[in-house]
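Worksheet: the structure to be examined is printed underneath.
The values are calculated or read from the model by the stated rules, or taken from the named source; none is laboratory data. Owing to the predicted nature of the structure, the values given are computational and were not obtained by experimental measurement. Cβ placement follows ideal geometry from the backbone for every residue including glycine, while neighbour counts extend to all protein chains displayed. Protein only, heavy atoms only, side chains kept; ligands, DNA and RNA dropped before computing areas. Shrake-Rupley method; radii C 1.70, N 1.55, O 1.52, S 1.80 Å.
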Amino acid sequence: MPPLRWRTTALLLAALAVLPLAIACGGDKKDDDNAGAQYMGAIVTPPIEKPDAVLMDENGQPFDLRKETEGYVTLLYVGYTHCPDICPTHLYEISEALKKVDPDVRKQVKVVFATADPERDTPQQLKQYLDTFDPDFIGLTGTRDLMDQFQIALGLQPATRTDLGGGNYAVNHAAYVMAFTKDNYAYTVYPSGMGQKEWLNDLPLLVKKGFRTE
């Protein structure tokens, strides 16, 4: 997995990050609904394994990531609620796409927002923030050490801070969404700049096919 792409230069670096990745291939011709369709997300090799981790959700309850997302396509994003641009844009684009996909596809997708800023992102803060996009979105937090280890398990460098003065700070974190299929692996990621068009194309493929390029 490429190293962390920082928020402050996310648009440029995210574009660079996908250059070495394989180009998406055509869909399975045996699937009448999506014959010939292609994935629009950036394909990563090797795929990213979903961490076997238990964190705290937006309701203050333990959340076993693998157990609670078993049988779902899981869109996982590491960000923070005070992010001024990229985080809310990702969440908005996903929420709007989920309103437009077939209801049978929608019910097989879970969206998980794991904080890179656990000092500020309490369960209450996560719930209030995510409810503005979709009340079904799941927020995860924990201790600083636990969230750092979670990012490492995803192949990321732990997020860092940039001091903005006056007690404020920005968080430097990964800027792409990982799409885990039902086998607990993410074969595609979605950097900044990808939005509803890509999600509307790829979500039915990921739900109905898992990940197959033949």
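The table below lists the values:
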read-out: Sequence of GLU119, GLU93 from largest to smallest accessible area, 1.4 Å probe; value: GLU119, GLU93
read-out: Relative contact order %, the range 143-210, counting alpha carbon pairs below 8 Å whose residues are six or more apart; value: 18
read-out: Estimated inter-spin distance, ARG212 and LEU146, nm [label 7 Å along Cα→Cβ]; value: 3.9
read-out: Accessible surface, 1.4 Å probe, highest first, among residues MET56, MET178, MET194; value: MET56, MET194, MET178
read-out: Theoretical FRET efficiency, 1/(1+(r/R0)^6), r = Cβ-Cβ of ARG120 and MET40, R0 41 Å, to 0.05; value: 0.80
read-out: Hits among aspartates and glutamates - C-alpha to C-alpha of LYS209 under 19 Å, sequence gap 8 or more where chains match; value: ASP28, ASP31, ASP32, ASP33, GLU49, GLU70, ASP102, ASP104, ASP183, GLU198
read-out: Per-residue ³J(HN,Hα) for the range 135-151, Karplus 6.51 cos²θ - 1.76 cosθ + 1.60, θ = phi - 60°, Hz, x for Gly and Pro; value: x, 7, 5, 9, x, 10, 9, x, 5, 4, 4, 5, 5, 5, 5, 5, 5
read-out: Gain in span if fully extended, ASP131 to THR89, counting 0.36 nm per residue against the direct Cα distance; value: 13.7 nm
read-out: The range 55-214 - Debye-derived log10 I(q)/I(0), Cα point model, q = 0.16 Å⁻¹; value: -0.89
read-out: Within the accessible area of the range 121-174 (1.4 Å probe), percent carbon and sulfur; value: 52
read-out: Å² of accessible area per residue within the range 46-107, as computed with a 1.4 Å probe and no ligands counted; value: 47
